[in-house]
1. Consider Gly36 carefully, then state whether it is over 26 Å from Leu153 (Cβ atoms) and more than 32 Å from the chain's Cα centre (by Cα).
2. Go through region 1-88 and tell me which strands (runs of 3 or more DSSP E), entirely inside it, have 1 or more residues that are in contact (Cβ under 8 Å) with a residue 12 or more places away in the chain and surrounded by 19 or more Cβ atoms within 10 Å (Cβ to Cβ).
3. Inside region 221-254, can you point out the residues that are farther than 11 Å from Val199 by Cβ and not charged (D, E, K, R)?
4. Is at least one residue of region 83-101 hydroxyl-bearing (Ser, Thr, Tyr), more than 17 Å from Arg189 (Cβ to Cβ) and modelled with pLDDT of 90 or more?
5. Of everything in region 115-160, what is buried (at least 23 other Cβ atoms within 10 Å of the Cβ) and either outside the structural domain of Leu305 (by TED's automatic domain parsing) or among the basic types (Lys, Arg) (or both)? Give them in sequence order.
6. Could you give every pair whose Cβ atoms fall below 7 Å, whose first residue belongs to region 133-147 and is closer than 21 Å to Tyr354 by Cα, and whose second residue is of a type in the set (S, T, N, Q), counting only separations of at least 6 or pairs across chains?
7. Can you confirm whether region 438-455 contains a residue that is in contact with a helix residue (DSSP H, G or I) (Cβ under 7 Å, 6 or more places away or on another chain) and farther than 24 Å from Val342 by Cβ?
8. Can you work out which of the residues in region 313-330 that are aliphatic (A, V, I, L, M) and either in contact with a Ser or Thr (Cβ under 7 Å, 6 or more places away or on another chain) or in a loop (DSSP other than H, G, I, E, B) (or both) is farthest from Ala274 (Cα to Cα)?
Amino acid sequence: MRLRSLLDLSHGVRFYGNAEADVRALSCDSRAVGPGCLFFALARDPKQRRLHLQQALSRGACAVVMSGGWEEYARPAATIVECEQPRLAMAYAASRFYNAPSKRIDLVGITGTSGKTTAACLAAAVFEAESAPAGLIGTLGGFVGGRRLYAGLTTPEAIDLESQLDAVERAGARRAALEVSSIGIAEGRVEALHFKIGVFTGLGRDHLDYHGEIADYFAAKLRFFTEILPRSDRPDTVVIARGDEPYGRRLLEAVKLRKLSFGLSEDCDVRPLAFKATLDGIQAEMWVCGRKLALSSPLIGKLNLLNLLAAAAICAALEIPAEALAQGLQRCAGAPGRAEPVPNPGGATVLVDYAHKPDALEMILNSVRALAARRLVCVFGCGGDRDAGKRPLMGEIAGRLADLTVVTSDNPRSEDPLAIIRQIESGLVSLNARKLLSAQALGGGHAGYLVEPNRRKAIELALRAAGAGDIVVIAGKGHEAYQQVGDNKLDFDDRQVAREVLSELK
């Protein structure tokens, strides 16, 4: 395509060079640039932006979009496009380059603090039960019909998003589920997409290192429903939100589009009439927009009941037959690392979960507590270089809901793991929780908490302490297969470590 046809002049675009240059590809990663590529220089740091610009030009970029400052360099042969908002320009350019596949696919955007990944997996499973294949883009990567397209950000950059949706459409899919993060909204990654449905799963504390305040975090989520969805070129766009939660109610009051609510309260459009949650799964009779439906799922715990309700609401909005809904929910084993069981015949139930924020940890522990465990053991830590304010909150939650808590390291990144642990420990101390020695926790059913910075040793301590009838929740990393310590990305998968420890304990 021609450069000028890709860029919207309303975004304050100014061309310095050939505006009719032939663009063969788009990229915001200077390492991936090739001849004829249009490069978007997004780095905020001037030194990094200069390095990226030089690399892109050396690799054959035909044009570069940037916010300014290029005058300090020798004038390159490539066209320079100065733009006040390069990310916004990139979103619309990517949509034009890939011919806006979201105008033809039923795109479901799912946002909220927790539940995005599982709800998206459930929705994709139902879509495939109705008419395979389907697209799925989120924390686990990008997929169509089970084939991986991408691995990276929860909500990819706009170029990657449009490219994946183009691949989804080319594979013959009619529908796709996309996790929409608050940062993805704030940075304009979904600005040019055309959503058929927007889903809000609820709000808790997360990403405050980026947004600053919970009000700003919610404002980013709300903007998705009040500004981005109404611009959709799809007819009859629908907003689905959790109706038994304060932020969900505020959102439903604010939006002007067609609305559906889901939740546990009697005034929700999609709600359970009766349900039974056990370690074998969930059996439920649901009220779905005026119809009674009997549904079953292998997913564990009350937290997943909400995800099932969200999936049922999506299907109601898309008028998907009840048979496909029932088949999809029954088949879907959930998302990897979300209350994922680690086989342990005859011993404690072991679950690995991605809960790395307060509301998610509280939901998983409350859910498994309701499963009548003899004793609940929780292993968790908090990541470094992220919101430090959540650390004592998560310590308090674990101390209040688990019988035995093992505080350990997560992804410390550049921070001192022991400093993070001390902040977590302050939440346990606020409860007057008893601090145990490691030896005490290995038998006798002691209650309280202990500290073991080595994550592998912490998992081993928890599994040694647990007996038949107990539930062990290993929280924080879920599907992640690494541990980030300083600049080192170490191989570490909670599920694999648990399997190895259990094998040794036999």
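1. Considered against the rule, which asks whether it is over 26 Å from Leu153 (Cβ atoms) and more than 32 Å from the chain's Cα centre (by Cα), Gly36 comes out as no.
2. Where strands (runs of 3 or more DSSP E) fall fully within region 1-88 and carry at least 1 residues being in contact (Cβ under 8 Å) with a residue 12 or more places away in the chain and surrounded by 19 or more Cβ atoms within 10 Å (Cβ to Cβ), they are 25-27, 37-40, 63-66, 79-82.
3. Leu222, Thr226, Ile228, Pro230, Ser232, Pro235, Thr237, Gly243, Pro246, Tyr247, Leu252, Ala254
4. No, region 83-101 has no match at all.
5. The one that is buried (at least 23 other Cβ atoms within 10 Å of the Cβ) and either outside the structural domain of Leu305 (by TED's automatic domain parsing) or among the basic types (Lys, Arg) (or both): Lys116.
6. Pairs that qualify, where the first residue is closer than 21 Å to Tyr354 by Cα and the partner is of a type in the set (S, T, N, Q), are Ile137/Gln164; Gly138/Thr117; Gly138/Thr154; Thr139/Thr117; Thr139/Thr154; Leu140/Thr117; Gly142/Gln164.
7. Scanning region 438-455, I find no residue that is in contact with a helix residue (DSSP H, G or I) (Cβ under 7 Å, 6 or more places away or on another chain) and farther than 24 Å from Val342 by Cβ, so the answer is no.
8. Selected residue: Ile320.
The values are calculated or read from the model by the stated rules, or taken from the named source; none is laboratory data. None of these values were measured; they are calculated from a predicted model. Note that each Cβ is placed from the backbone with ideal geometry, even for glycine, and that neighbours are counted across all protein chains shown.
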